[in-house]
Amino acid sequence: MKYLDEFSNPDLAKNLLEQIHDVTTQKWAMMEVCGGQTHSIIRHGIDQLLPAGVELIHGPGCPVCVTPLEIIDKALAIAKRPEVIFCSFGDMLRVPGSSEDLFQIKSAGGDVRVVYSPLDALNLARKNPDREVVFFGIGFETTAPANAMTVYQAQRLGVKNFSLLVSHVLVPPAIAAIMESPACRVQAFLAAGHVCSVMGTQEYPPLAEKYGVPIVVTGFEPLDILEGIRRTVIQLEEGRHELENAYPRAVRDEGNLAAMEMLRDVFEVTDRTWRGIGPIPQSGWQLSPKYREFDAEYRFEVTGIHTDESPLCRSGEVLQGLIKPHECAAFGKECTPRKPLGATMVSSEGACAAYYTYRRLELVAP
Amino acid sequence: MTDAMERTVLDFEGWVCPMPLRDFPTIVMGHGGGGAMSGELIEHLFLPAYGAAATTDLGDSAVVSVGAGPRLAFSTDSFVVKPMFFPGGSIGDLAVNGTVNDLAMSGATPMFLSTAFILQEGTALDDLGRIAEAIGAAARDAGVRLVTGDTKVVDSGSGDGVYINTAGIGVLREGVDIRPTRAEVGDVVLMSGDIGVHGVAVMSCREGLEFGTTIESDTAPLHGLVDAMIGTGADVHVLRDPTRGGVSASLNEIARASGVGIEIVERDLPVPQIVKDACGLLGLDALQVANEGKLVAIVAATDAELVLEAMRNHPLGVAAQRIGTCVDAHRGMVVANTGLGGTRVVDLPIGEQLPRIC
Amino acid sequence: MCLAIPGRVVTLEERDGTQMAEVDFGGVRKDVCLQYIPGVEIGEYVVVHVGFAIQRLDEQSAIETLANFEKMGILEEEFGDGFELAAKQAGVVDEGVRP
């Protein structure tokens, strides 16, 4: 694929790695925010190739991982209803709720369907006027425009049997929360490239300033990640803490104005509880009053949810970068991708799953 | 008994539920996945019940003989594919080639097939006609005779269209001993051609995921290719057709069965650009995508060149490549050298891959 | 946040008042909503996430970025690391921070 494959070139990766080795003179710990970046790092073995002093702390940028348990339980309750066709991204199907997951609901007869895009769910609603179609709208700012447009379309076209179960989360408040955490070791951030494709870079200089951390907008292919790391190390070595864009082909400072306008119309900021981390004020989006009729939480009045997290699961500490997955006692034993205790083991870019899938060779005796 | 009990080729309904056997009192879709859960069902329910009548040989086909007669390979497989017609073929092609290939993976010459249909009331006769044509054509192409069969009809409420079971008998030549347990440290892993083709072809027409592509399923009977390989005189240790679960599932099963480690070199994997692109679009790993006309072979290092040449001279093996080695490390596991020089574990898929957004 | 990949706009179409396009990802084609990229033209590259184009792909920038990565290699080869060069000449191996 053009403009993608070139950014995996092993010879150019070697160049970048040599540069990183050249400029690193002391230990640094940086956090890559996005789960997609974590996945790429582990899958390509990038962390194995960096200088010993450069540590990558995996961040909470896995929307699947941080979707609040309560919302998962609500999704499960809605999906069980016979009149509902419950549509979701593939990532969400195996995420454990308090006692089951969407997959099991499907096995038990629930109509749960994987779609590639929320528009597919809207089409399903139009094709099945006698059913209620609900789309599980999770994700960071990258995915929100897709969900927003879909709801906007639903309203415009008068599709009454469609609704959205919303659980969007925002990156900048997460960065702030991580830096406020007392045990925080993070000295710099590799910001999420595609989030910035939508939102631009304006939210980050204040954070860089306030916490004294370099923030480098980084892509997802191996070369992009290496370049993000390279620029971050240079800033750290030089004692700077600025915003830098290492993904200029897909990120502009002003972001995508059309998308941001739609986001302002369809969503409003709200407090959100991040699974494994806790409540972060003003860190999420919910549907604005204008679109409330499409809000599945209102339409289905799902009440009486009592959440119940596994006591063994330390997803939260992993998400905050406080421990590495293999430092959890349940890793590879009670908790595996087949029998996940928490979301970080389910999602393909959750840190625990990435470590288990690609690294358990070194970490856990087979 | 094969370990791919219900071959639901990338069927949407086939996503695996991760709950283990003992935690669930009913059958769930995952039990048909051909992966860890199917294995549990065999091990904990079927084999104990069958008792002394069962065998524990769990290769693609069983090798049996009657007295001093020739050794026969015997295999069965069931096909529930949605959509029934996809670019490059149909459930009919898979039903014939699937069992032909199971037999071929033991090194047997496939000879006779049975075909049993379970049809949902309301199935269009046109569709059934097309499937039957495909079965006939595939059988003629593979040189096998369709000697017996059966047809049943179920209520339109139960089942989904057309289920086909095929069972096959093949004949083994003297001296041929190809089993998943025969891989040895030092052996070479060969791939007969491009990977991920069938899975991408089927996925491209699945509702909710449709994408436009020119790719067609690679469904094909492989016994001719196997004959060419055995015909070199080389002692082929293991053969496997990487269907559901892709190359990853096959190599993991072999690594476990033989107790060796397998190391593959990502750069050497024959992944066509179009499969890479489709996988990139949906967030899939080409190593876990199904193939229907390819095989993985494990041969002694000294035989590798000879066998590779024979493969490349056969129409179904022109793109054959060496992709890895069996090693005395991480026994039972498969590890890949990534393009950049790092390493990663290539895992046994839990079930079908789900397209992801992150 | 994720899986977004670049593709080339092949056809444009309005559907239900929304700008849609067929986008080519190197041989694989998918329907994509272009409503967030006003004024896009056939032949342009866009970054696509879950069926929506979220940003234009700046081809010139991509080419420059790759060229920069190439240059890093050349500089390294031509000039190398001064100390490393000296160490090599002196027959001393420099471990430094390299693994």
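The values are calculated or read from the model by the stated rules, or taken from the named source; none is laboratory data. Quick caveat: nothing in here was measured; it's all calculated off a predicted structure. Here the Cβ is made from the backbone with ideal geometry for all residues, glycine too, and neighbour counts use every protein chain on show.
Failed condition for residue B:354, given (1) farther than 24 Å from residue A:338 by Cα; (2) modelled with pLDDT under 85; (3) not aromatic (Phe, Trp, Tyr), with all others met?
With respect to (1) farther than 24 Å from residue A:338 by Cα; (2) modelled with pLDDT under 85; (3) not aromatic (Phe, Trp, Tyr), residue B:354 is out only on (1).
Take the residues of the range A:111-158 that are buried (at least 20 other Cβ atoms within 10 Å of the Cβ), more than 18 Å from residue A:288 (Cβ to Cβ) and small (Gly, Ala, Ser): which is nearest to the other protein chains (Cβ to nearest Cβ)?
Per the stated criteria, the residue is A:117.
Residues to consider are B:257, B:300, B:286; find the one that is more than 9 Å from chain A (Cβ to nearest Cβ) and either over 30 Å from residue B:39 (Cα atoms) or touching a helix residue (DSSP H, G or I) at 6+ places or on another chain (Cβ under 7 Å) (or both). Don't jump to the end; show me each part of the working.
Working: B:257 fails: either over 30 Å from residue B:39 (Cα atoms) or touching a helix residue (DSSP H, G or I) at 6+ places or on another chain (Cβ under 7 Å) (or both); B:300 fails: either over 30 Å from residue B:39 (Cα atoms) or touching a helix residue (DSSP H, G or I) at 6+ places or on another chain (Cβ under 7 Å) (or both).
Step by step, each of B:257, B:300, B:286 is checked, and only B:286 is more than 9 Å from chain A (Cβ to nearest Cβ) and either over 30 Å from residue B:39 (Cα atoms) or touching a helix residue (DSSP H, G or I) at 6+ places or on another chain (Cβ under 7 Å) (or both).
Quickly run through the range B:250-274 and pick out the residues that are β-branched (Val, Ile, Thr) and modelled with pLDDT under 90.
B:274
Give the residue that is nearest to residue A:169 (Cα to Cα), with candidates limited to residues of the range C:1-37 that are touching a residue at least 12 places away in the same chain (Cβ under 8 Å), of a type in the set (Val, Ile, Thr) and in contact with a Phe, Trp or Tyr (Cβ under 8 Å, 6 or more places away or on another chain).
This residue is C:5.
Scan the range A:32-53 residue by residue and report those that are more than 7 Å from every other protein chain (Cβ to nearest Cβ) and either of a type in the set (S, T, N, Q) or over 23 Å from the mean Cα position of the chain (by Cα) (or both).
Across the range A:32-53, the qualifying residues are A:37, A:38, A:40, A:50.
Inside the range A:99-179, counting only strands (runs of 3 or more DSSP E) that do not spill past its ends, which hold 3 or more residues that are among the charged types (D, E, K, R) and modelled with pLDDT of 95 or more?
Numbers: elements: A:111-114, A:132-139, A:162-169.
By residue number, no strands (runs of 3 or more DSSP E) qualify.
For residues that are in a strand (DSSP E or B) and facing chain A (nearest Cβ under 10 Å), tally how many sit in the range C:16-48.
Total satisfying the criteria: 13.
State yes or no: is residue C:2 at positive phi and surrounded by 22 or more Cβ atoms within 10 Å (Cβ to Cβ)?
yes
Tell me, please, whether a residue that is more than 7 Å from chain A (Cβ to nearest Cβ), surrounded by fewer than 24 Cβ atoms within 10 Å (Cβ to Cβ) and within 28 Å of residue A:126 (Cα to Cα) can be found in the range C:49-58.
Scanning the range C:49-58, I find no residue that is more than 7 Å from chain A (Cβ to nearest Cβ), surrounded by fewer than 24 Cβ atoms within 10 Å (Cβ to Cβ) and within 28 Å of residue A:126 (Cα to Cα), so the answer is no.
What pairs can you find where one residue is in the range A:142-167 and within 16 Å of residue A:267 (Cα to Cα), the other is among the basic types (Lys, Arg) and buried (at least 24 other Cβ atoms within 10 Å of the Cβ), and their Cβ atoms are less than 9 Å apart, with a gap of 6+ or different chains?
A:167/A:272
Restricting to the range A:244-265, name every residue that is in contact with a Ser or Thr (Cβ under 6 Å, 6 or more places away or on another chain) and in contact (Cβ under 8 Å) with a residue 60 or more places away in the chain.
A:249
Regarding residue A:91, is this residue assigned to a helix (DSSP H, G or I) and either in the same structural domain as residue A:199 (by TED's automatic domain parsing) or under 20 Å from the mean Cα position of the chain (by Cα) (or both)?
When the stated conditions are applied, residue A:91 passes them.
Kindly provide the set of residues from the range A:165-211 that are of a type in the set (S, T, N, Q) and in contact with a strand residue (DSSP E or B) (Cβ under 8 Å, 6 or more places away or on another chain), ordered by number.
A:167, A:187, A:197, A:201
Answer with yes or no whether residue B:222 is hydrophobic (A, V, I, L, M, F, W, C) and out of contact with any Asp or Glu (no Cβ under 9 Å at 6 or more places or on another chain).
Details: hydrophobic (A, V, I, L, M, F, W, C): yes; out of contact with any Asp or Glu (no Cβ under 9 Å at 6 or more places or on another chain): no.
When the stated conditions are applied, residue B:222 does not pass them.
Mind listing just one residue for me: the one in the range B:320-349 that is β-branched (Val, Ile, Thr), within 19 Å of residue A:338 (Cβ to Cβ) and more than 7 Å from chain A (Cβ to nearest Cβ) and, of those, surrounded by the most Cβ atoms within 10 Å (Cβ to Cβ)?
B:334
Is at least one residue of the range A:49-68 under 22 Å from residue A:163 (Cα atoms), touching a helix residue (DSSP H, G or I) at 6+ places or on another chain (Cβ under 6 Å), touching a residue at least 24 places away in the same chain (Cβ under 8 Å) and buried (at least 21 other Cβ atoms within 10 Å of the Cβ)?
yes
Step by step: first the residues of the range C:1-15, then only those that are among the hydrophobic types (A, V, I, L, M, F, W, C) and part of a strand (DSSP E or B), then the one that is farthest from the other protein chains (Cβ to nearest Cβ). Which residue is that? If you could, list the steps in order and put the result at the bottom.
From the range C:1-15, those among the hydrophobic types (A, V, I, L, M, F, W, C) are C:1-5, C:9-10, C:12; that's our starting set.
So of that shortlist, the ones also part of a strand (DSSP E or B) come out as C:5, C:9-10, C:12.
On the way: C:5: 6, C:9: 13, C:10: 10, C:12: 16 Å.
Applying the filter and picking the extreme gives C:12.
Filter the range B:119-156 down to the residues that are surrounded by 16 or more Cβ atoms within 10 Å (Cβ to Cβ), farther than 30 Å from residue B:171 by Cβ and out of contact with any Phe, Trp or Tyr (no Cβ under 9 Å at 6 or more places or on another chain) and list them by number.
The one that is surrounded by 16 or more Cβ atoms within 10 Å (Cβ to Cβ), farther than 30 Å from residue B:171 by Cβ and out of contact with any Phe, Trp or Tyr (no Cβ under 9 Å at 6 or more places or on another chain): B:123.
Only one residue in A:79, A:52, A:29 is at pLDDT 90 or above and closer than 30 Å to residue A:130 by Cα, so which one is that?
Numbers: A:52 fails: closer than 30 Å to residue A:130 by Cα; A:29 fails: closer than 30 Å to residue A:130 by Cα.
Of A:79, A:52, A:29, the one residue that is at pLDDT 90 or above and closer than 30 Å to residue A:130 by Cα is A:79.
Yes/no matrix, rows are residues, columns are (1) within 14 Å of chain C (Cβ to nearest Cβ); (2) surrounded by 18 or more Cβ atoms within 10 Å (Cβ to Cβ); (3) closer than 19 Å to residue A:169 by Cβ; (4) not aromatic (Phe, Trp, Tyr):
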{"position": "A:257", "(1), (2), (3), (4)": "yes, no, no, yes"}
{"position": "A:262", "(1), (2), (3), (4)": "yes, yes, yes, yes"}
{"position": "A:265", "(1), (2), (3), (4)": "yes, no, no, yes"}
{"position": "A:278", "(1), (2), (3), (4)": "no, no, yes, yes"}
{"position": "A:281", "(1), (2), (3), (4)": "no, no, yes, yes"}
{"position": "A:287", "(1), (2), (3), (4)": "no, yes, yes, yes"}
{"position": "A:294", "(1), (2), (3), (4)": "no, yes, no, no"}
{"position": "A:302", "(1), (2), (3), (4)": "no, yes, no, yes"}
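Among (1) surrounded by fewer than 20 Cβ atoms within 10 Å (Cβ to Cβ); (2) free of Cβ contacts under 8 Å to residues at least 12 places away in the same chain, there is one condition residue B:277 misses while meeting the rest; what is its number?
For residue B:277, the exception is condition (1).
Across the range C:35-48, what is the total count of residues that are aromatic (Phe, Trp, Tyr) and surrounded by fewer than 17 Cβ atoms within 10 Å (Cβ to Cβ)?
Kept after step one, since they are aromatic (Phe, Trp, Tyr), are these residues of the range C:35-48: C:36, C:45.
With surrounded by fewer than 17 Cβ atoms within 10 Å (Cβ to Cβ) added as a condition, the list becomes none.
Residues meeting the conditions: 0.
Just to verify a result, which residue in the range B:84-110, among those that are touching a strand residue (DSSP E or B) at 6+ places or on another chain (Cβ under 8 Å) and surrounded by fewer than 24 Cβ atoms within 10 Å (Cβ to Cβ), is modelled with the lowest pLDDT?
The qualifying residue modelled with the lowest pLDDT is B:84.
Suppose we filter the range A:316-339 for residues that are over 21 Å from residue A:40 (Cβ atoms) and either of a type in the set (D, E, K, R) or assigned to a loop (DSSP other than H, G, I, E, B) (or both); how many remain?
Total satisfying the criteria: 13.
With a cut-off of at least 2 residues that are among the aliphatic types (A, V, I, L, M) and in contact with a strand residue (DSSP E or B) (Cβ under 9 Å, 6 or more places away or on another chain), name the helices (runs of 4 or more DSSP H) lying wholly within the range A:212-315.
Fully inside the range A:212-315 and qualifying: A:222-237, A:257-266.
Could you list, in sequence order, the residues of the range A:10-27 that are more than 8 Å from chain C (Cβ to nearest Cβ) and touching a residue at least 40 places away in the same chain (Cβ under 8 Å)?
Those that are more than 8 Å from chain C (Cβ to nearest Cβ) and touching a residue at least 40 places away in the same chain (Cβ under 8 Å): A:13, A:17, A:20, A:23, A:26.
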